Amino acid sequence: MTKPSTPPAAPHLPHEDFPPIAAEAIRLITTYLRDIESRPVLGPVHPGDLLNDLPRHPPSTGAADTPSRDLWSALYADLENLILPRMTHWQHPAFFGFFPANASYPAILGEILAAGLATPAFLWVTNPAATELEIRTVDWLAHALDLPPEWSISSGVGGGVIHTTASEATLTALVTARHRARARAMARPGWNPASWHPTLYTSSQAHSSVIKAAMVAGLAHDPDDRTHIRLIEVNDALALDPVALTSAITADLEAARTPIFIAATVGTTSSGAIDPLPEIARIARVHAPDAWVHIDASHHGVAAICPEFRPILTGLEECDSLCVNPHKWLLTNFDCDVFYVRDRRPLINAMSITPAYLRNAASDSGQVIDYRDWQIPLGRRFRALKLWCVFRHYGVEGLRCHIRTGVHLAQIIEQRIHDDPDFELVAPRSLNLVCFRLAPRPGESSPSADARNKRLAEAANASGKLYITPTILPGPPRFVLRIAIGGPATEERHIHDAWQTIRDLAHHAEG
Ligand SMILES: *Cc1c(COP(=O)(O)O)cnc(C)c1O
């Protein structure tokens, strides 16, 4: 064989150039976050604005013919001039839309370190430190949330894992539920796969990710397919009605169908309603012992680190899994959902597959956790680093201060709305979430009241001074505005300013 000729080397960034260029990125982030208030929460952006400013083709040579310093200062200038103005600024103190997506410097440092250490730690052996740091930090969070000891890897048969999102956690829970229920059904005499009809239950107020999980798992063809899904009615507090759940389960059992999964929500996205976990767990135990009870506490769940808010998780002991998102309200940059199970064995049974190339002595010994068996993808980021940085920096007490601040600020705005005759609260405040609307005028039709509220929401968001997301609450359907507080930069003055803006816009629009 002839000796292959050596191709030119890729123009890697030299080690010595990295620190100053990285320092520039850090400076940019710091200025961005420090001065974010001077930007509109969302400026006037039109579809295609950024696309039109970006070249159609990628650069051909990059650093091969431009000195790195020049190349990176041009790139940072583009970031500043083209990209930042087209962003929705979630870290803006007047961003009250959806739910918060907290960032913090400790978590940002954790992200930088994770990028720098660069390991897809899917098996223990592919980065023992990543696995064990994750076990410890999710156990810390379990302890802070006051979960029962069996929900921790170090003290029980359950434990936690960091997923990308609650959507991934809910899909994983559903697939585990189906696997466990099917295995039990297969073990019974007269098993007939053709007539096995699994069913799942969640409230009409549950997050769309539950139905999407069913779609991905092959249990729903489209969002309206009710072959396997039962959407349970809610009570006046917009929480799942246990009586309706019992009837739905009973009807399915009578029709020889198998309830496999119940998804309860602690903190619904629309109104922050909290489903009654103790009743749901009891119904499952009595009527549907093969059903897996999953708690979607994506946003509200982390508040349980404060003893006074821990009651939101009462009843969890008898459920099977829980997901909470530190990436929403616990100062940890997206993405970081923590998925807990009371018993990890059904999860691993449902998720484990071991081709020859994934076998190794540590895994075979059964003494290690291989997190690939706790999730859908194989590869995974070193996300534990950022949660670890957040815990080390804030401590549990510091995190509690953050949660309490969000709740306190929500109480302030709740009071302002309550005291204002032009507005009304439409659901009880749920921790840091307040739902309200312009009060209907005497004799006003509901479409007219809805239209006025819709115009107000649009005007508020177009003002650039704040950002809120509206929703529709059932029974009778009403268009309402919601304010979700909890950004680390939000202070009392931002709440007063936001309320003033909303009032001014309302009076302006009403003429
Ligand atoms: C935000 C939210 C979700 C979805 O969260 P992701 O982590 O983005 O998948 C699911 N359920 C509830 C109740 C939520 O608030």
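The values are calculated or read from the model by the stated rules, or taken from the named source; none is laboratory data. Source: prediction; values computed, not measured. For neighbour counting, all protein chains shown are included, and Cβ atoms are generated from backbone atoms with ideal geometry for every residue, glycine included.
Side notes on the structure shown:
Residues are listed down the side, and each one gets a yes or a no for (1) aromatic (Phe, Trp, Tyr); (2) surrounded by fewer than 22 Cβ atoms within 10 Å (Cβ to Cβ); (3) out of contact with any helix residue (DSSP H, G or I) (no Cβ under 9 Å at 6 or more places or on another chain); (4) closer than 18 Å to VAL41 by Cβ:
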| position | (1), (2), (3), (4) |
| --- | --- |
| GLN415 | no, yes, yes, no |
| PRO421 | no, yes, yes, no |
| ARG441 | no, yes, no, no |
| ARG452 | no, yes, no, no |
| THR469 | no, yes, no, yes |
| LEU473 | no, yes, yes, no |
| LEU481 | no, no, no, yes |
| ASP497 | no, yes, yes, yes |
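- Against the numbered list (1) away from the ligand (no atom under 12 Å from the Cβ); (2) under 30 Å from ALA484 (Cβ atoms), ARG345 comes up short only at (2).
- Within the range 50-77, residues that are surrounded by 10 or more Cβ atoms within 10 Å (Cβ to Cβ) have Cβ atoms under 8 Å from residues that are modelled with pLDDT of 95 or more and charged (D, E, K, R) in these pairs: LEU50/ARG86; SER68/ASP17; ARG69/ASP17; TRP72/GLU24; SER73/GLU24; TYR76/GLU24, counting only partners at least 6 apart in sequence or on another chain.
- Residue among ALA169, ALA177, ALA173, ALA144 that is among the aliphatic types (A, V, I, L, M) and in contact with a helix residue (DSSP H, G or I) (Cβ under 7 Å, 6 or more places away or on another chain): ALA144
- Verdict on LEU238 being within 21 Å of PHE98 (Cα to Cα), out of contact with any Cys (no Cβ under 7 Å at 6 or more places or on another chain) and surrounded by 19 or more Cβ atoms within 10 Å (Cβ to Cβ): yes
- Verdict on LEU387 being in contact (Cβ under 8 Å) with a residue 40 or more places away in the chain and either crowded, with 24+ Cβ neighbours inside 10 Å or touching an Asp or Glu at 6+ places or on another chain (Cβ under 6 Å) (or both): yes
Residues checked against (1) more than 16 Å from VAL338 (Cβ to Cβ); (2) surrounded by fewer than 19 Cβ atoms within 10 Å (Cβ to Cβ); (3) touching a strand residue (DSSP E or B) at 6+ places or on another chain (Cβ under 7 Å):
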| position | (1), (2), (3) |
| --- | --- |
| PHE98 | yes, yes, yes |
| PHE122 | yes, no, no |
| ALA129 | yes, yes, no |
| VAL138 | no, no, yes |
| PRO148 | no, yes, no |
| SER154 | no, yes, no |
| THR165 | no, yes, yes |
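- Each residue in the range 305-332 was checked for being within 16 Å of the ligand (Cβ to nearest atom) and buried (at least 24 other Cβ atoms within 10 Å of the Cβ), and 13 pass.
- Of all residues in the range 197-229 being in contact with a helix residue (DSSP H, G or I) (Cβ under 6 Å, 6 or more places away or on another chain) and assigned to a loop (DSSP other than H, G, I, E, B), the one that is surrounded by the fewest Cβ atoms within 10 Å (Cβ to Cβ): PRO223
- Pairing residues of the range 302-331 that are assigned by TED's automatic domain parsing to the domain that holds THR170 with residues that are hydroxyl-bearing (Ser, Thr, Tyr) and away from the ligand (no atom under 16 Å from the Cβ), at Cβ distances under 7 Å and at least 6 apart in sequence or on separate chains, gives LEU331/SER104; LEU331/TYR394.
- Residue count for the range 1-49, restricted to those that are surrounded by fewer than 11 Cβ atoms within 10 Å (Cβ to Cβ), of a type in the set (Ser, Thr, Tyr) and either touching a helix residue (DSSP H, G or I) at 6+ places or on another chain (Cβ under 9 Å) or closer than 30 Å to PHE96 by Cα (or both): 1
- Residue check, ILE472 out of contact with any Lys or Arg (no Cβ under 6 Å at 6 or more places or on another chain), farther than 29 Å from LEU33 by Cβ and of a type in the set (A, V, I, L, M): yes
- Residue satisfying all of: in the range 237-289; touching a residue at least 60 places away in the same chain (Cβ under 8 Å) and among the charged types (D, E, K, R); farthest from the ligand (Cβ to nearest atom) among these: ARG257
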